[in-house]
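The values are calculated or read from the model by the stated rules, or taken from the named source; none is laboratory data. It should be emphasised that the depicted structure is a prediction, and the values quoted were computed from it without experimental measurement. For neighbour counting, all protein chains shown are included, and Cβ atoms are generated from backbone atoms with ideal geometry for every residue, glycine included. Keep in mind that these areas ignore ligands, DNA and RNA; they rest on the heavy atoms of the full protein, side chains included. Shrake-Rupley method; radii C 1.70, N 1.55, O 1.52, S 1.80 Å.
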Amino acid sequence: MKLEARSLVKRYGSHVALDGASFSTGPDDARVIALLGPSGGGKSTLLRVLGCLLVPDEGHVCVDGRDLPHDEVGAQAERRGNGFVFQGYNLFPHLTTLQNITLPLQEVHGMSALQAEQRAIEWLHRLGLEGHEHKRPSQLSGGQQQRAAIARALAPRPRLLLLDEPTSALDPVMTGEVLDVIRELAEEGQSIVLATHEISFARKVADQVVFLAAGKALECSPVSRFFQQPESNLARQYLEGLSRYR
């Protein structure tokens, strides 16, 4: 996977979330790209632009040599090839775990009810949720809900999995459960873009790091170089601050 952004700008009213962000992940393919940086720096907005959930006001993004579309028809087609996992799980509370996965498979990806159920059960079992298929989200722990959200994202077999702070609402045990799943997926070759503050995890799993602050991409480098010799003062301060009590 190769990502390139050219002068990205995204505004929300008077707030500029991305302020001319530009980067390239380099000549080598990356399996996992970590978006790091302080809160409010633009990580979540960039993730949504990469996944075509948002269209930038200015600039362009290129994924594996393809410019991402700016029109809604093209963006919708692009979104179907991606899987998304957000901080708040976004499971439908009135549906069972199984139904949360089968519904988009049928409605968005055109699978039959039988195909969708088989695929959903495959991923629920793969992610350790056997026996929880008919529970509603309120009957699951936070870690189980996040694993269900990951199963929903992976069931269509996406080209790209986009994860936005997937452990931010979890306690340490549940965080470990979810990070183990993500690590296994990465080891199996799933392309992942991950926005996270879990720097020790990013250091172990990511191939490339994009460091964002104040809407700008201040660094883009291989993970070993970023953690050993960050180029910007902001990146050094960020790493020192996060590692001080870990």
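Projected label points at ARG66 and SER232, each 7 Å from Cα along the beta carbon direction, are separated by 2.9 nanometres.
Computed on the Cα trace of the stretch 91-151, the radius of gyration divided by the Kirkwood hydrodynamic radius gives Rg/Rh = 0.94. Each peptide in 34-40, 171-177 receives the mean, over its residues, of other Cβ atoms within 10 Å, and ordering these scores from highest gives 34-40, 171-177.
Full extension of the chain between GLN139 and ARG80 gives 18.3 nm of extra length, using 0.36 nm per residue less the Cα-Cα distance. Summary of packing: across the peptides 110-117, 138-145, the per-residue average of other C-beta atoms within 10 Å ranks them, highest first, as 138-145, 110-117.
Under the convention that each Lys and Arg Cβ holds +1 and each Asp and Glu Cβ holds -1, the size of the dipole of the stretch 141-240 around its Cα centre is about 240 debye.
Whole-percent P(r), the stretch 72-200, all Cα pairs, 5 Å bins from 0: 2, 11, 22, 25, 21, 13, 5, 1, 0.
Using C-alpha pairs below 8 Å separated by at least 6 residues, the relative contact order for the chain is 28 percent. Applying a DSSP loop filter and a limit of 15 other Cβ atoms within 10 Å to the GluC sites (Glu not before Pro) in the stretch 196-243 leaves GLU231.
Under 20 Å from a point placed 7 Å out from the Cα of ASP57 along the Cα-to-Cβ direction: which residues of the stretch 1-39 have their backbone N that close? So the set is 5-23. For the stretch 35-116, the equivalent ellipsoid built from the Cα gyration tensor has semi-axes of 27, 18, 10 Å, listed from largest to smallest. Each residue of the stretch 138-246 gets 121 Å³ once the volume of the Cα convex hull is shared out per residue. Close amide-amide hydrogen proximity is noted between LEU54 and VAL49, each under 5 Å apart and 5 or more residues distant or on a separate chain (H modeled in the peptide plane; Pro and chain starts excluded).
Using a probe of 1.4 angstrom, how much of the accessible area of the stretch 124-246 is carbon and sulfur, in percent? Carbon and sulfur atoms account for 46 percent of the accessible area of the stretch 124-246.
Tally Lys/Arg at +1 and Asp/Glu at -1 over every other residue whose Cβ is under 10 Å from the Cβ of ALA151; what's the total?
Around ALA151, the charge tally is +3.
Note on the chain: GNM, Cα springs under 10 Å; of GLN87, GLN190, GLN118, the largest mean-square fluctuation is that of GLN118. Stokes-Einstein diffusion for the chain at 20 °C, viscosity 1.002 mPa s, with a Kirkwood radius from C-alpha pairs, works out to 115 µm²/s.
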